[in-house]
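Take a look at the structure set out below.
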Amino acid sequence: MPAPAKSLPGPFDVILFDVGGVLLTNGWDHIERAFVLDQFGLDHAEFETRHAVPYDLWERGAISAEEYLAATVFYEPRGFTPQEFIAAMKVQSKLLPDNALGILGEVCASGNWLVGVLNNESRLLHEYRLEQFEIGTYLDLQLSSCYLGLRKPEAAIYRRALDIVGVPGERVVFIDDRKVNTEAAAAVEMHAIQFVGEERLRGDLKELGIL
């Protein structure tokens, strides 16, 4: 059932934020992977060869963290445990310098819009990150790839997001750091903003009458 929109002071009903690259560092991108692989003495090329297919499935919620790690790391005996590896993965999540968390808080505090995230993330890291950094306290909904079974920049994930919030694209603001993702959102008529820092985003949202 579509989520009800909040009272509306302007032309938008819903504001959706990406997480990695907007609020926090990325959860398990190439930089984070490289650091953890070095920590455990794993071969980068071998890991990346094994990583692509199961990672796609993991972010779609189609396989568990254990299945992902079995395919990429624990296909042979290791001198460390999956729990140790996962702990190292989680440590890579940090507050992004020049992040939009303050803006998220202001938008949420206004009570004027339905506020959510639209992100690509595995269930393990998505839920850890939102709890660890208390992002979930700001959100009315979580449109993560691990719940929807779809990933940005696929058009289907944006269309599904619109189905869930129950409003047309022109009444949704979507904020993401990656141009390919904002372009895909704009293609379904969302008002897409590419995040390049807090000050620029604050200006963009003021122009829209949101801040």
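The values are calculated or read from the model by the stated rules, or taken from the named source; none is laboratory data. If you're wondering where the values come from, they're calculated on a predicted model, not measured in any experiment. We place every Cβ from the backbone using ideal geometry, glycine too, and count neighbours over all the protein chains shown.
Can you tell me how many residues within the stretch 78-114 are in contact with a strand residue (DSSP E or B) (Cβ under 7 Å, 6 or more places away or on another chain), closer than 16 Å to Leu125 by Cα and of a type outside the set (Ser, Thr, Tyr)?
Selection size over the stretch 78-114: 3.
For the stretch 178-190, which residues satisfy the criterion of being out of contact with any Leu (no Cβ under 7 Å at 6 or more places or on another chain) and either outside the structural domain of Ile103 (by TED's automatic domain parsing) or buried (at least 19 other Cβ atoms within 10 Å of the Cβ) (or both)?
Asn181, Thr182, Ala184, Ala185, Met190
Consider Gly41 carefully, then state whether it is surrounded by fewer than 13 Cβ atoms within 10 Å (Cβ to Cβ), at pLDDT 95 or above and assigned to a loop (DSSP other than H, G, I, E, B).
Against the criterion (surrounded by fewer than 13 Cβ atoms within 10 Å (Cβ to Cβ), at pLDDT 95 or above and assigned to a loop (DSSP other than H, G, I, E, B)), Gly41 qualifies.
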